[in-house]
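Working notes, beginning with the structure itself.
The values are calculated or read from the model by the stated rules, or taken from the named source; none is laboratory data. From a predicted model like this one, the values you see are computed outputs, not experimental measurements. All Cβ positions, glycine included, derive from the backbone under ideal geometry; neighbour counts span all protein chains shown. The protein model used for the area step is the full one, side chains on, heavy atoms only, and it has no ligands, DNA or RNA in it. Shrake-Rupley method; radii C 1.70, N 1.55, O 1.52, S 1.80 Å.
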Amino acid sequence: MSTEQTYIMVKPDGVQRGLVGEIISRFEKRGYKLVGLKMCAPGQEHLENHYADLKEKSFFPGLIKYMNSGPVVGMVWEGLDAVKTGRSILGATNPLQSAPGTIRGDFALAVGRNVCHGSDTVENAQKEINLWFGKEGVTKWA
Ligand code: RTP
């Protein structure tokens, strides 16, 4: 098991519902280290880049519209097995299949309003961190 970084994002519904603090708190309490935090309204082009691998999916236009409906909060969390364990903290993509105790299992019902995003591989995490944090990068602390 190695130390990794993962990109976690509170989606517009999570921000509007006041879940940012709750989501940060769950990662902090689990023991992950916050090394990047940014609120932004990224715009259509940036969101299309983030979800480029889903471009051919029928739900893609609706996904971009949803993601563009308000600001998001992007975070980079660092720690052991951060990518896989990060996704287990979020729960299954479809909240109806998310276990209670996960973020989606506690706060969501619809796949199209599933509150949060988490990188699915170490490689994609690095791509997403570069895409969202770019030149400014993330913070180093002990
Ligand atoms: P995410 O990137 O948001 O963490 O989600 P994921 O990897 O678990 O799932 P993915 O298949 O990459 O889907 C990205 C987001 O698209 C929306 N979605 N809608 N059938 C549908 O209507 C549908 N399927 C997926 C969800 O918001 C999902 O998180």
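For this structure, a couple of remarks:
- Per-selection metrics, the range 37-79 (Cα): Rg and Dmax in Å: 11.6, 35
- Highest to lowest packing among 69-77, 106-114, 50-58, scored as the average C-beta count within 10 Å: 69-77, 106-114, 50-58
- The relative contact order of the chain, computed from alpha carbon pairs under 8 Å that lie at least 6 residues apart in sequence, is 37 percent.
- 3J(HN,Hα) along the range 12-26: x, 5, x, 5, 5, 8, x, 9, 4, x, 4, 5, 4, 4, 5 Hz, from the Karplus curve 6.51 cos²θ - 1.76 cosθ + 1.60 with θ = phi - 60°, whole Hz, x for Gly and Pro.
- Of 91, 62, 14, the one that fluctuates the most in a GNM where the chain has Cα springs shorter than 10 Å: 62
- For the range 1-109, alpha-carbon Rg relative to the globular expectation (2.2 N^0.38 Å, N residues): 1.07
- Fraction of antiparallel bridges per DSSP, the chain only, in percent to nearest 5: 95 percent
- Probe 1.4 Å, protein heavy atoms only - accessible area per residue of the chain in square angstrom: 54 Å²
- Share of Cα-Cα pairs in the range 46-142 lying beyond 23 Å, as whole percent: 29 percent
- Convex hull volume of the range 1-64 per residue (C-alpha atoms, cubic angstrom): 128 Å³
- Fully extending the segment from residue 123 to residue 41, taken as 0.36 nm per residue of separation minus the present Cα-Cα distance, adds 27.1 nm.
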